[in-house]
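Let me begin by presenting the structure, written as structure tokens, before commenting on it.
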Amino acid sequence: MRIRRKLVAGNWKMNGSRASIKQLLNGILDQNTESGCEIAVFPPVVFLPMVQEMLLSTRIGLGAQNIDSHVQGAFTGEVSASMVAEFGCTYVLIGHSERRAYYAETDDIVSEKFSACVASGLRPVLCVGETLEQRQKGLTEEIVKHQLQMVLDNCGIGTFAEAIIAYEPVWAIGTGMSASPRQAEEVHALIRDVMMQEDSGIGQQIRLLYGGSVSPESASKLFAEENIDGALVGGASLNAADFLKISQLAGH
Ligand code: PGA
């Protein structure tokens, strides 16, 4: 079986100031001993130039939390894929549940953003996941499959060659209530299966991250699961020591 290198991605969301982000990043850079996994950070967009500069000649990757689907034009307040690419981004989060819930991003918008990201040579991190109500109704599988299938149908399996998928159950995000390794693995195996059916090569090599209250305490059991290839970390990524601990656990 192909070895998939784990990825630990820090989603800083709308947090930080120039000073606090410098401090956080310096903490990460100072304490970062080479672990076997890949690390990437996703700062708020205005801090991209500063973070890009600080990451020069390091192995830490950079990503944006969002892009607009259009290439350019009269879209006040928006930022395009090529703009974030120019500031050193390799990755973009697409379809995070907060964007779906608070900014009314539909599966169609998510697909358009996914395409725009790929067209600019960036690697989408496509986020999928069910709400608590959907899980309680037994709809987890259906919801996750649907979210994935919409992007597959709209964009085509070929666009997933460089993509990453993050399974983030909405009820686990920012709640301190992580999915159990078994709950997460069940959904990861399902996602792997869907992808394998589309293209066995892509299905085998695509990395599937788990996100939702990942902490230094919960990470190692999650990473031990066959189809969990890393984590998308929110809260714990704002603490350098916790974030690095999680990445070290992924490196084993
Ligand atoms: P959390 O956020 O780790 O704070 O739960 C994860 C995410 O939303 O990506």
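Things worth noting here:
- If R0 is 45 Å, the Cβ-Cβ spacing of T175 and A119 corresponds to a FRET efficiency of close to 0.80.
- Positive contributions from Lys and Arg (+1) and negative ones from Asp and Glu (-1), summed over other residues with Cβ under 10 Å from the Cβ of Y210, come out at -4.
- Taking the square roots of five times each eigenvalue of the Cα gyration tensor of segment 7-250, the equivalent ellipsoid has semi-axes of 25, 23, 17 Å, listed largest first.
- Cross-link reach list, lysines versus K245, counting only Cα pairs under 26 Å and skipping chain neighbours closer than eight places: K6, K13, K22, K221
- In a fully extended conformation the segment linking H70 and M14 would gain 17.9 nm over its present Cα-Cα distance, using 0.36 nm per residue.
- Each stretch of four or more DSSP H residues adds -39500 (n - 2.57); spread over every residue of the chain, this sum gives -13000 deg cm²/dmol at 222 nm.
- Potential lengthening between E53 and T106 on full extension [0.36 nm per residue; Cα-Cα distance subtracted]: 15.7 nm
- Relative contact order %, the chain, counting alpha carbon pairs below 8 Å whose residues are six or more apart: 24 percent
- Sorted by Cβ neighbour density within 10 Å, fewest at the top, the residues V128, V194: V194, V128
- Chymotrypsin sites (Phe, Trp or Tyr not before Pro) lying in DSSP loop within segment 77-137, provided at most 11 other Cβ fall within 10 Å: Y103
- Reachable lysines, given that their alpha-carbon falls under 16 Å from the alpha-carbon of K145 and they are not under 8 places away in the same chain: K137
Readers should treat all values here as calculations from the given coordinates under stated rules, not as data from a laboratory. As the structure is a computational prediction, the values presented were derived from the model and not from experiment. Neighbour counts run over all protein chains shown; Cβ positions are idealised from the backbone, glycine included.
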